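Each value in this text was obtained by applying a stated rule to the coordinates, not by laboratory testing. Predicted model only: the values in this text are computed from it and were never measured. Cβ coordinates were reconstructed from backbone atoms using ideal geometry, including for glycine residues, and neighbour counts include every protein chain displayed.
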Amino acid sequence: MNEKLFQSIVRSLIIAAQDVFQTMISMEVKPKEPFARKGLDSLADITGVISLTGNIVGSVILSMDARTAQKAVSNMLGDQVEVEQEIVDGAGEITNMVVGMAKTELSNISCDFEISVPVMILGKGSVIKHLSLEGSSLTTIPFETEDADVFHLELYAKDAP
Amino acid sequence: MSIKVMIVDDSLVMRKLVIKSLKQIGVDVDPVEASDGKDALKKLDPKSIQLIISDWNMPQMDGLTFVKKVRETKDKKHIPIIMLTTEGSMAKFEEALNCGVDDYITKPFTPDKLKKKFDKVMGKA
């Protein structure tokens, strides 16, 4: 994949994450410097994985620790959420909205792909089975919330075969 | 008088959020929840449901297939449908309208955005 397109995908994901957190969660989030990593392990307690299929193929992963996810979902519903099932479901929906919004933005530059429903993985360090890096690496974008919590948005993408 | 609204979304949190947003915009909502198109078809009583708000990407049966099935059914095709989805491209918007969706809201959404579409669709209904 050419670097310009890859950077457009990264940029769209960053903008989408900021928009979703601001509009739906009333939370300002700031992106930090992206980095590459080889691991296939989840970076936090609750991880949503969405597959991309189309002009490009790959995955987008959103990992949040349980406390950050609980805060985000509670903010979204305007009510303190305690039930784990709801926190996980809400984290999946946040992942879905971020990827969906980035997808819409990328369709303007003819980067078209379909997205899967989010697959949720529980437990920090769990293997993300739905992903095969094929010798490549994940691009990880850390985000910091206004409460100094950190969550990670990760991208693996390549041209469709 | 309350309005019976069917909310179709595989996310429990999103269904809750839509109900909360409808209440926030002053709708006395009597919700019927469904987790995908298949579940929605089972629960859809055409005599009582006054509005459907449906997601697009769902397991089992997606929102577009669900809309097509509703529009093909004589006693159900009159029910207004708003699609609430992350699918925001013009191509997807047109595809949904062509299948019989009355209006379209992209996620993320605000209660204000929902109010505009709700008023428009229910005014027409």
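List of remarks:
- Percentage of interatomic Cα-Cα distances in chain A larger than 26 Å: 20 percent
- FRET efficiency, B:K120 to A:K30 (Cβ-Cβ, R0 51 Å, nearest 0.05): 0.90
- Total formal charge among the other residues, if their Cβ is under 15 angstrom from that of A:P34, Lys/Arg +1 and Asp/Glu -1: +1
- With a cut-off of 11 Å between beta carbons, the residues surrounding B:K107 carry a summed charge of -4, where Lys and Arg count +1 and Asp and Glu -1.
- The stretch A:19-86, dipole about Cα centre (Lys/Arg Cβ +1, Asp/Glu Cβ -1), debye to the nearest 20: 380 debye
- Cβ-derived FRET efficiency at R0 30 Å, A:K4 paired with A:E146, nearest 0.05: 0.40
- A Gaussian network model of chain A, with springs between Cα atoms under 10 Å, assigns the largest mean-square fluctuation among A:L40, A:L62, A:L13 to A:L40.
- Counting only alpha carbon atoms, the long axis of helix A:84-107 and the longest principal axis of chain A meet at about 40°.
- Cα-based radius of gyration for chain B, normalised by 2.2 N^0.38 Å, reads 0.94.
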